[in-house]
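**Q** Could you have a look at this structure, given as structure tokens, before my questions?
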Amino acid sequence: MARDSFDNLLIETRDSGVDIVTLNRAAKRNALDVATVDELVDYFGTAHRRGVRAVVLAGSGDHFCAGLDLVEHWKADRSPDEFMHVCLRWHEAFNKMEYGGVPVIAALQGAVVGGGLELASAAQIRVMDQTTYFALPEGQRGIFTGGGATIRVSDLIGKSRMIDMVLTGRVYQGQEAVDLGLAQYLVEGSSFDRALELAEKTAANLPLTNFAICSAVSHLNNMSALDAAYAESVVAGMVNTQPAARERLEAFANKSDARIRPNG
């Protein structure tokens, strides 16, 4: 059951089926407290069945997300068991993003740090602007990553680079961050504008096709090559024969649709 309202997320729904989801804790650099993570679980857990076709995920103010709300964590003085369950809730939220079947395009600016990078890495597409910087400062804080950096960030940039970021607090920016795979797009102007453009474009795809792209690929990458080949064939059998695709395939066959051309 989707909640009717959110306290820490601003939700804007567009006629195209694109939702704009904005972390709304600018005074905390959009740090993730327990309440915000709960809202992310609720939102992304129901997005597909509510007919959302794509999501732009952004942060209010000057920063995308500075990670775990360290003040809340310090004040809570949690037991190991309590914090383990906090981490499991983070994984639940981010898994619903990665495997939920709805394209999530993250509009990055300012800090994408610690848990903020873990959040961004669960999006299918990441767009950064010139102010964006990435870091995993857990080593300097005396803590360890708990929201998937060892899984998703190391998958994006490699285990050794991820370990280096945590050990040394290394910061990545600009084209170097794109080259490493922390983002796919670097823009001179607004990352939000480019993210929205990409979201509108992906929202025009057939929902079943997007669902396969945004869930099956991740599942297939978790399988052995032999199992993945079988599962990919099953998914392709369903997606490539869907009735809604026939009109698009006919347009291709009749040469009435736009052909793919190189940029420029």
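**Q** Which one of these is exposed (fewer than 14 other Cβ atoms within 10 Å of the Cβ) and either modelled with pLDDT of 95 or more or closer than 24 Å to residue 151 by Cα (or both): 236, 216? It would help to see each step written out before you state the result.
**A** Values: 216 fails: exposed (fewer than 14 other Cβ atoms within 10 Å of the Cβ).
Of the residues listed, the single one that is exposed (fewer than 14 other Cβ atoms within 10 Å of the Cβ) and either modelled with pLDDT of 95 or more or closer than 24 Å to residue 151 by Cα (or both) is 236.
**Q** Would you mention how many residues in segment 34-49 are buried (at least 19 other Cβ atoms within 10 Å of the Cβ) and not in a helix (DSSP H, G or I)?
**A** So the count comes out to 1.
**Q** I'd like the full set of residues that are without any contact (Cβ under 8 Å) to a residue 60 or more places away in the chain and either in contact with a Phe, Trp or Tyr (Cβ under 7 Å, 6 or more places away or on another chain) or of a type in the set (S, T, N, Q) (or both), limited to segment 24-42.
**A** Within segment 24-42, 24, 36, 37, 39 qualify.
**Q** What's the number of the only condition in (1) out of contact with any helix residue (DSSP H, G or I) (no Cβ under 6 Å at 6 or more places or on another chain); (2) closer than 16 Å to residue 102 by Cα that residue 240 fails to meet?
**A** Failed condition: (2).
**Q** Kindly establish whether residue 13 is β-branched (Val, Ile, Thr), in contact with a strand residue (DSSP E or B) (Cβ under 7 Å, 6 or more places away or on another chain) and in the same structural domain as residue 108 (by TED's automatic domain parsing).
**A** Details: β-branched (Val, Ile, Thr): yes; in contact with a strand residue (DSSP E or B) (Cβ under 7 Å, 6 or more places away or on another chain): yes; in the same structural domain as residue 108 (by TED's automatic domain parsing): yes.
So residue 13 passes the test.
**Q** Suppose we keep only residues that are assigned to a loop (DSSP other than H, G, I, E, B) and acidic (Asp, Glu) within segment 50-101. Which one would you say is surrounded by the fewest Cβ atoms within 10 Å (Cβ to Cβ)?
**A** Our first condition is that a residue be assigned to a loop (DSSP other than H, G, I, E, B); within segment 50-101, this holds for 50-53, 60-64, 66-67, 69, 77-79, 100-101.
From the residues that got through so far, the ones that are acidic (Asp, Glu) too are 62, 69, 77.
Numbers: 62: 12, 69: 22, 77: 7.
Looking at residues that are assigned to a loop (DSSP other than H, G, I, E, B) and acidic (Asp, Glu), I get 77.
**Q** Identify all residues within segment 113-134 that are over 11 Å from the mean Cα position of the chain (by Cα) and farther than 19 Å from residue 144 by Cβ; write none if there are none.
**A** At the first step, the residues of segment 113-134 found to be over 11 Å from the mean Cα position of the chain (by Cα) are 113-115, 128-134.
128, 129, 130, 131, 132, 133, listed by residue number.
A quick yes/no check of all residues on (1) modelled with pLDDT of 95 or more; (2) not β-branched (Val, Ile, Thr):
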| residue | (1), (2) |
| --- | --- |
| 74 | no, yes |
| 91 | yes, yes |
| 103 | yes, yes |
| 108 | yes, yes |
| 113 | yes, no |
| 116 | yes, yes |
| 120 | yes, yes |
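**Q** Also, I was wondering about something else. Restricting to segment 25-42, what's the tally of residues that are in contact with a Leu (Cβ under 8 Å, 6 or more places away or on another chain) and more than 19 Å from residue 126 (Cα to Cα)? Let's see the steps before the verdict.
**A** So the first thing to find is which residues in segment 25-42 are in contact with a Leu (Cβ under 8 Å, 6 or more places away or on another chain), and the list is 30-32, 36, 39-40.
Keeping just the survivors that are more than 19 Å from residue 126 (Cα to Cα) gives 36, 39.
So the count comes out to 2.
The values are calculated or read from the model by the stated rules, or taken from the named source; none is laboratory data. The model shown is predicted, which means the values in this text are computed figures rather than measured ones. Every residue, glycine as well, gets a Cβ built from its backbone with ideal geometry; the counts of neighbours run over all protein chains shown.
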